[in-house]
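The values are calculated or read from the model by the stated rules, or taken from the named source; none is laboratory data. A quick note: this is a predicted structure, and the numbers were derived from the prediction, not measured. All Cβ positions, even for glycine, are placed from backbone atoms using ideal geometry, and neighbour counts span all protein chains on display. Surface areas here come from the heavy atoms of the whole protein model, side chains and all, with no ligands, DNA or RNA. Shrake-Rupley method; radii C 1.70, N 1.55, O 1.52, S 1.80 Å.
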Amino acid sequence: MTSNYPTGTSKSARHKDIGRLVLRCPDRAGIVAAVSTFLTEAGANIISLDQHSTEAEGGTFLQRTVFHLPGLAAARPELEARFAERIAPEFDIDHRFTDAATPKRVAIFASTADHCLLDLLWRNRRGELDMSVVMVIANHPDLADQVRPFGVPFVYIPATRDTRAEAEARQLELLKGNVDLVVLARYMQIVTPGFLNQIGCPLINIHHSFLPAFIGANTYRRAKERGVKLVGATAHYVTEDLDEGPIIEQDVVRVDHTHTVEDLVRLGADVERAVLSRAVLWHCQDRVVRHHGETVIF
């Protein structure tokens, strides 16, 4: 019997010889034509092309192109070199080529909450996320037994306000140069600017969102006491400004007076899982292009 569920990963046949080109540059006439001609002359077939300009005139141009090129893995170094020499200088293009068959190497940070962490591991095992989870790092040992069935290394590194420097030094020792993305799956520690400067890859964070905002302890109880009507979540890139990085995805669920605090917690966990998994998926598929303090999602 044929399964209706996804069984492939980024190594499956659907990704063979599929490349992606993501670029950003000052907008002007001729960019799409130049890029398309370059890929065609290289023997590639363009599968999809998404573009956006921030202004009708004088803005920033952003584009994501997916293409098929036989023998991409072998041809990619020369393709990148020729693009950097022939096309990028003419249009002042900031660009990157990626191979869809090469999954992003991802480390997941966690504390004691399991819902976002286990959801990412489960979706990845099902082949829904184009990533390879290299390890889970947690500042509490509580989730070790739950992670073990996924076959992912679990590293316990105690981290508190007093031991943050030592903890981050150990984390950097494990991760620097070995990961393409770090996901903070309800990791309840502040990441310092020094860590961000040294890690050399993006970080994605998830946090709950209420209207109005409720900061600090007992968030859901305080929200219930105020009669909150929306429970939501925001996934964003991590910057030095706490919880103010470029937003990748958001969602909300409507609640009312009949929902208990426990209901709010459950619904909040549901929306956090969904929002974080979409943000990670889009990042791993090279769909997110950062532009100043915002993002363009193709």
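Which of C116, C201, C284 ends up with the largest GNM mean-square fluctuation for the chain, with Cα atoms connected below 10 Å?
Maximum among the listed residues: C201.
When the Karplus curve 6.51 cos²θ - 1.76 cosθ + 1.60 is applied with θ = phi - 60°, which whole-Hz ³J(HN,Hα) does each residue of region 70-84 get, with x for Gly and Pro?
With the stated coefficients, region 70-84 comes to x, x, 4, 4, 6, 7, 4, x, 5, 4, 5, 5, 5, 5, 5 Hz.
Roughly speaking, what is the stretch gain from A169 to D92, that is 0.36 nm per residue apart minus the C-alpha to C-alpha distance, in nm to one decimal?
Full extension from A169 to D92 adds 24.0 nm.
Which part of region 65-99 falls in the paramagnetic zone of T37, meaning amide N under 18 Å from the point 7 Å along Cα-to-beta-carbon?
Output list for this probe position: 82-93.
How do W282, W122 stack up against each other in accessible area, from largest to smallest, with a 1.4 angstrom probe?
W122, W282
When ranked by the protection proxy of mean other Cβ atoms within 10 Å per residue, highest first, what sequence do the peptides 101-111, 213-223 form?
So the order, starting with the most tightly packed, is 101-111, 213-223.
At a Förster distance of 25 Å, what's the computed FRET efficiency of L242 paired with R161, Cβ-Cβ distance as r, to 0.05?
0.95
Which of V252, V238, V261 ends up with the largest GNM mean-square fluctuation for the chain, with Cα atoms connected below 10 Å?
Highest fluctuation among the options: V261.
If packing is taken as the mean number of other Cβ atoms within 10 Å per residue, what is the order of 132-139, 272-279, 59-66, highest first?
Working: 132-139: 21.1, 272-279: 22.6, 59-66: 19.5.
By packing density, highest mean first, the sequence is 272-279, 132-139, 59-66.
Out of all DSSP beta bridges in the chain, what portion is antiparallel? Express it as a percent rounded to 5.
70 percent
Which aspartates and glutamates have a Cα lying under 15 Å from the Cα of K104, excluding residues fewer than 8 positions away in the same chain?
Correct list for K104: E128, D130, D180, D286.
Once the piece of chain linking R28 and R266 is laid out straight, how much longer is it, given 0.36 nm per residue of separation minus the C-alpha distance between them? Walk me through the numbers on the way to the answer.
Details: separation 238, 0.36 × 238 = 85.68 nm, distance 4.88 nm.
Computed gain between R28 and R266 is 80.8 nm.
Can you list residues whose amide H is under 5 Å from A233's amide H, if they're 5+ apart or on another chain and H is modeled 1.01 Å from N?
Residues meeting the amide H criterion: S209, D251.
Could you do me a favour and compute the accessible area per residue for region 18-151, 1.4 Å probe, result in Å²?
About 45 Å² of surface per residue is accessible.
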